[in-house]
Amino acid sequence: MTLPEVSFSGAAFIIAIVIIRTVTINKLPKKTFLILWKVVLLRLLIPFAIPSVFSVYTLMNRMISTPSFWEVETDNITPAISQGNFVIVQDRELLPTNSSSVSVWFIVWCAGTILFAVFFVISYFRCRMEFQTALPVNNVYAVQWLKEHPLKRKISIKQSDRISTPLAYGIFRPVILLPKKTDWENVNQLQYIFSHEYVHICRFDTFTKLIATLALCIHWFNPFVWVMYILFNRDIELACDESVIRQLGEKSKSAYSLMLINMEAKKSGLLPFYSNFSKNAIEERITAIMNTKRTTLVTLLSACIIVVATTGLFATSAKASTDRNSDDAFAISDPQTNAKDIVTDKKGAVIAERKSAMTITHESADILHYEDGAPYIHDILTNNTDRTIIEAQYCMLAYSENGAPLKLYWNFLDSSAESSFENIVRTKENILSNQTEDYRGGWSLYDGEIMKNLPKIGNGEANQVAYSLLCLKQVVFEDGTVWNNPNYENWLKTYGGKETDVDELQNYYPHEYRVELD
């Protein structure tokens with residue numbers, strides 16, 4: 001999956017969680033939302049499609065005929081140069097309407113990612129430097145509390161005059177840091193603070209926040225990821241509060257809430273936008289604390305169902321159903337032909353005709369021009385199989401307006417490695433089942449009058465390519481299945497290096513491949 005696809009999928013997942021959270025925030029255990037947010041993080045950081053028949057995108061594909069995603073990137077296209085009537089074929093990771101859109105987008109994305117990463121790294125190390133000035137606490141209760149709460153990771157309790165509210169930091173050597181003005185005689189308040197920060201440490205919340213920050217830096221352009229980042233941090237605190245209340249008992253609700261209010265009043269105003277967020281967050285936290293109830297079997301089952309259902313619907317990608325028959329109709333296909341399937345009802349009456357599901361079609365391959373006048377081949381491929389294509393290898397042959405073949409030579413490899421008329425390209429991009437992939441190739445044809453900076457071969461005259469024939473050689477599907485075109489060699493012998501009738505070149509598309517899979 002490409003970055004825009006992953007980000008779009010994550011946005012849909014985030015919207016679903018926000019809706020669920022709004023409705024059930026005080027009805028379900030707070031860990032429910034933490035689990036959902038962590039699944040979102042996995043979705044945002046792992047660029048792999050996980051096809052599922054239960055995916056919301058599968059359901060959408062069944063209701064509409066348009067594809068769920070579209071691709072704009074093509075990988076590993078090898079340049080080639082021909083002599084005489086010559087062609088240079090090179091990789092252009094561009095949209096046909098704007099020859100620089102993808103490259104500009106990539107530069108902007110990199111700049112934004114680096115900018116936000118630098119901001120968070122500087123903020124992190126700035127805080128670490130301030131925390132290094134903290135002094136150990138020798139309070140009797142604090143020492144006793146540490147003895148009663150052992151961990152494999154040694155916990156330290158320190159104090160600093162540079163903070164206004166308690167916090168915990170560190171992953172391998174965690175530290176509970178308290179303000180220097182803490183009331184060390186108020187044992188109940190210390191118990192609440194230590195219990196709260198101890199839950200953060202046990203759950204590795206510091207590490208989880210770093211992962212969330214990483215996702216934010218990568219998907220900084222997606223406003224829904226910013227929403228996730230804010231709500232995820234809120235829900236970490238809500239889940240921590242809930243855990244403390246369950247440990248200390250419901251009688252501690254009022255005192256614990258009062259402590260949070262007092263802590264909020266002491267917060268620094270260095271970052272006003274954080275103050276506004278904190279005000280809303282503290283109200284939400286107190287409301288959640290006062291509504292904390294014992295977890296029942298019903299609420300636990302409800303939480304599990306919501307997590308499983310939401311993950312199944314939004315964390316997975318589309319997968320076409322292999323069952324394309326309805327209750328009242330079934331398809332009959334002729335295995336000897338690549339024509340159309342006949343759909344009949346139970347009485348045998350013909351209802352409709354449709355193309356076989358196990359085909360791949362090159363819809364067209366037209367010679368078009370970019371805005372700067374440079375010619376390119378615009379080809380369209382449709383995946384009519386029941387599986388997602390992740391890689392395709394295919395050949396291009398070029399012809400003049402009279403049907404004369406144009407020789408192609410490798411730019412970086414010995415031309416003897418392949419036929420001089422053959423240019424093999426391997427592209428890595430996902431084409432979902434029943435998806436039509438527009439502008440797959442990104443082929444750019446050399447024009448000696450326009451593309452001044454490219455090496456000139458022959459007399460350097462303008463390109464005379466009028467027609468192009470494309471043929472799939474190999475296709476790799478997402479499940480690891482590989483399909484090799486059994487007719488490829490015959491196709492190459494028929495067309496490669498041979499003059500071809502113009503009418504045949506004009507009527508070549510749509511060119512359909514019969515795909516037989518085990």
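Where a number appears in this text, it was derived from the coordinates with a stated rule and is not lab data. Since the model is a prediction, treat every value here as computed from it, not as a measurement. Ideal geometry is used to build each Cβ from the backbone, glycine not excepted, and the neighbour counts take in all protein chains shown.
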- [ ] Figure the gain on full extension for SER302 and LYS251 (residue separation times 0.36 nm, minus the Cα-Cα span) and round it to one decimal in nm.
- [x] 15.7 nm
Open item on the list: If I model a spin label as a point 7 Å beyond the Cα along the Cα-Cβ vector, how far apart are those points for THR295 and VAL476 in nm?
Closed with: 4.3 nm
Open item on the list: P(r) for region 114-264, please, calculated from all Cα pair distances in 5 Å bins and given in %.
Closed with: 2, 8, 16, 20, 21, 16, 10, 5, 2, 0
TODO: Order the peptides 115-126, 394-405 from the highest to the lowest mean number of other Cβ atoms within 10 Å of their residues.
DONE: 394-405, 115-126
TODO: Give the calculated FRET efficiency between LYS152 and PHE54 to the nearest 0.05, with a Förster radius of 35 Å applied to their Cβ-Cβ distance.
DONE: 0.35
TODO: Report the far tail of the P(r) of region 182-251, meaning the percent of Cα-Cα pairs longer than 21 Å.
DONE: 40 percent
- [ ] Order the peptides 144-152, 2-10, 189-197 from the highest to the lowest mean number of other Cβ atoms within 10 Å of their residues.
- [x] 189-197, 2-10, 144-152
Task: Label-point separation, GLU185 to ALA117 (7 Å along Cα→Cβ), nm - done: 5.2 nm
Task: J(HN,Hα) series, region 27-41, from Karplus relation 6.51 cos²θ - 1.76 cosθ + 1.60, nearest Hz, glycine and proline x - done: 10, 10, x, 5, 5, 4, 6, 4, 4, 4, 5, 5, 5, 4, 4
Task: FRET efficiency estimate (nearest 0.05) - Cβ-Cβ, PHE8 to PHE106, R0 22 angstrom - done: 0.80
TODO: Return the FRET efficiency for the residue pair MET129, LYS209: r is the Cβ-Cβ distance, R0 is 30 Å, and the value is rounded to the nearest 0.05.
DONE: 0.95
Task: Packing rank of 377-390, 34-47, where each peptide gets the mean count of other beta carbons within 10 Å, highest leading - done: 377-390, 34-47
